[in-house]
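Take a look at the structure set out below.
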Amino acid sequence: MLVLHAISGPDAGDLGSVPSHLDFDAGRDIKGLKVGYFPAWMAARHRCRSPCAGAAGKLGLQSVQVSLPDWPYNSLNAIIFAESAAAFEELTLSRQVDQLKVQVPDAWPNTFRQSRFVSAVDYVQADRFRRLSRRKCSGC
């Protein structure tokens with residue numbers, strides 16, 4: 001909530017942002033607040049499950065199982081990758097990206113380079129899916 005509070009509201013530098021307000025009191029007692037978790041994700045990370053649940057309980061937080069529809073969320077990567085390529089276009093085109101320390105296949109420099117080849121059709125289809133999932137999952 002602290003992060004969401006810090007980034008909520010319109011961003012003059014982002015034409016896609018919309019006015020919003022997050023009513024949150026950082027000084028408020030957290031006892032009774034709900035913390036959502038994905039059971040399958042926690043089960044796959046069994047070393048995290050017990051300490052996380054225990055810490056949440058000690059703080060007075062209420063753990064609540066949540067779920068999302070089984071949809072192809074990885075297809076949204078086309079948007080993330082295209083946005084990153086656009087944000088770091090100057091770095092990539094000037095070849096300064098070659099100076100970044102990590103140059104392994106799945107590191108950001110290669111993502112910036114490869115994402116220049118995301119097709120417009122793939123981007124539009126991913127954006128349609130993003131809008132659909134946002135509309136359908138607003139109550140998830």
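All of the numbers you see were taken from the coordinates with simple rules; none came from a lab. This one's a predicted model, so the numbers in the text were calculated from it and none came from an experiment. Glycine gets a Cβ as well: all are built from the backbone with ideal geometry, and neighbour counts include every protein chain shown.
Looking at (1) 199; (2) 111; (3) 186, which value of volume of the Cα convex hull per residue in Å³ comes from a calculation on the structure shown?
(3)
Under the rule of -39500 (n - 2.57) per DSSP H run of 4 or more residues, summed and divided by the residues of the chain, what mean residue ellipticity at 222 nm is obtained, to the nearest 500 deg cm²/dmol?
Rounded to the nearest 500, it is -13500 deg cm²/dmol.
Charges only on Cβ, +1 for Lys and Arg, -1 for Asp and Glu: so what's the dipole of the range 45-121 about the Cα centre, in debye to the nearest 20?
440 debye
Extension gain Arg28-Val102, at 0.36 nm per residue separation less the Cα-Cα distance, in nm?
22.5 nm
How far is it, in nm, from the label point at Val18 to the one at Met42 when both lie 7 Å from their Cα along the line to the Cβ?
3.1 nm
Which is the longest run of the chain containing none of the trypsin sites (Lys or Arg not before Pro) found in DSSP loop states (not H, G, I, E, B) with at most 15 other C-beta atoms within 10 Å?
46-94
In the calculated pair distance distribution of the range 73-131, what percentage of Cα-Cα distances lie above 14 Å?
53 percent
Straight-line reach only, C-alpha to C-alpha below 27 angstrom: list the lysines that Lys58 could link to, leaving out same-chain residues fewer than 8 apart.
Straight-distance partners of Lys58: Lys31, Lys34.
How big is the dipole moment of the chain about its Cα centre under a simple scheme where the beta carbon of each Lys and Arg is +1, that of each Asp and Glu is -1, and everything else is neutral? Debye, nearest 20, please.
Computed charge dipole of the chain: roughly 620 debye.
Considering amide H positions built from the backbone, and no H for Pro or chain starts, which residues 5 or more places from Ser63, or on another chain, come under 5 Å of its amide H?
Hits under the 5 Å cutoff: Val35.
For the pair Leu4 and Leu61, how long in nm is the line joining their label points, each one 7 Å along Cα→Cβ?
With each label point 7 Å from Cα toward Cβ, the separation is 1.2 nm.
Where does each of Asp127, Asp98 land when they are ranked from fewest to most other beta-carbon atoms within 10 angstrom?
Asp98, Asp127
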